[in-house]
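Peer 1: This structure is in structure tokens; I'll ask about it shortly.
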Amino acid sequence: MKIVGLTGGIGSGKTTVAGFFRELGVPVYIADDAGKRLLNTSSEIKKKVIALFGSEAYTGDSPNRKFIAAQVFNDKMKLEKLNSIIHPAVEIDFQNWLTEEKGEYVIYEAAILFETGSYKKCDFNILVTAPQNLRIERLQKRDNSSTEEIRQRMNNQWSDEKKRKLANFIIKNVELGQTRLQVKHIHEEILKAGKNC
């Protein structure tokens, strides 16, 4: 079974694109959702996060997301350390999930697919792009973030220019009808590639 990486900068609409693949019957694994779940449920992760940030990182059994976000917001080293705790656990979770799935291929959706090197484990990689002003607008509607906060979060991710060099397919996500057509086309290309193997 092929693994297809799906990524895009914050606000690009990669979750929407993942939804279009789901509609085509493709199993989709959302790494960020798995990371959040494991932050809640894994005692091993809880122990490591508390060791990194202190006891304020959890309120009872629940992660104090605001506190953790504030810790890593302007500190790349802390962000990297947090990622080094969560990503190996997500990788194990994904491999377990994979054994239950059937089909020609699965989508592995991750915000920092290229940054972590996870793209190397994928047979193909898809990059979702959108103009920066549209991405900012979407994020402001979604979670009321300020433009400054959004720009800082964007700066923690690689630029689209850098990601393009590693992507096999690029989806320009501006108009949903067009995006859906691009997804259908890529789906057909991946199925065709599978038959040629």
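Peer 1: If you go through the range 30-41 one residue at a time, do you hit one that is in contact (Cβ under 8 Å) with a residue 12 or more places away in the chain, closer than 30 Å to residue 192 by Cα and not in a helix (DSSP H, G or I)?
Peer 2: The answer is yes; a qualifying residue exists.
Peer 1: Something else: Going by the structure shown, is residue 44 of a type in the set (Asp, Glu), in contact (Cβ under 8 Å) with a residue 24 or more places away in the chain and not assigned by TED's automatic domain parsing to the domain that holds residue 111?
Peer 2: yes
Peer 1: I'm checking my understanding of the structure. Among residues of the range 125-136 that are crowded, with 20+ Cβ neighbours inside 10 Å and not hydroxyl-bearing (Ser, Thr, Tyr), which one is farthest from residue 13 (Cα to Cα)?
Peer 2: That would be 125.
Peer 1: When you look at residue 98, is it at negative phi, in contact with a Lys or Arg (Cβ under 9 Å, 6 or more places away or on another chain) and in contact (Cβ under 8 Å) with a residue 12 or more places away in the chain, yes or no? Steps first, please.
Peer 2: Details: at negative phi: yes; in contact with a Lys or Arg (Cβ under 9 Å, 6 or more places away or on another chain): no; in contact (Cβ under 8 Å) with a residue 12 or more places away in the chain: yes.
No, not satisfied.
Peer 1: Could you list, in sequence order, the residues of the range 165-186 that are touching a residue at least 60 places away in the same chain (Cβ under 8 Å) and either outside the structural domain of residue 131 (by TED's automatic domain parsing) or in contact with a helix residue (DSSP H, G or I) (Cβ under 7 Å, 6 or more places away or on another chain) (or both)?
Peer 2: 171, 173, 179, 180, 183, listed by residue number.
Peer 1: Related question: Might you check whether a residue that is more than 15 Å from residue 30 (Cβ to Cβ), at pLDDT 90 or above and over 20 Å from the mean Cα position of the chain (by Cα) occurs anywhere in the range 86-99?
Peer 2: Yes, the conditions are met somewhere in the range 86-99.
Peer 1: Considering only the range 108-153, state which residues are assigned to a helix (DSSP H, G or I), out of contact with any Lys or Arg (no Cβ under 9 Å at 6 or more places or on another chain) and modelled with pLDDT under 90.
Peer 2: 140, 141, 142, 143, 147, 148, 149, 151, 152, 153
Peer 1: Still on this structure: With respect to residue 182, determine if the residue is surrounded by 13 or more Cβ atoms within 10 Å (Cβ to Cβ), part of a helix (DSSP H, G or I), touching a strand residue (DSSP E or B) at 6+ places or on another chain (Cβ under 6 Å) and not aliphatic (A, V, I, L, M). First the steps, then the outcome.
Peer 2: On the way: surrounded by 13 or more Cβ atoms within 10 Å (Cβ to Cβ): yes; part of a helix (DSSP H, G or I): yes; touching a strand residue (DSSP E or B) at 6+ places or on another chain (Cβ under 6 Å): yes; not aliphatic (A, V, I, L, M): yes.
Yes.
Peer 1: Can you pull out the residues in the range 9-28 that are in a helix (DSSP H, G or I) and not small (Gly, Ala, Ser)?
Peer 2: Across the range 9-28, the qualifying residues are 14, 15, 16, 17, 20, 21, 22, 23.
The values are calculated or read from the model by the stated rules, or taken from the named source; none is laboratory data. Since this is a predicted model, take the numbers as computed values, not measurements. Because the Cβ atoms are built from the backbone with ideal geometry, glycine has one as well, and the counts that use them run over all protein chains shown.
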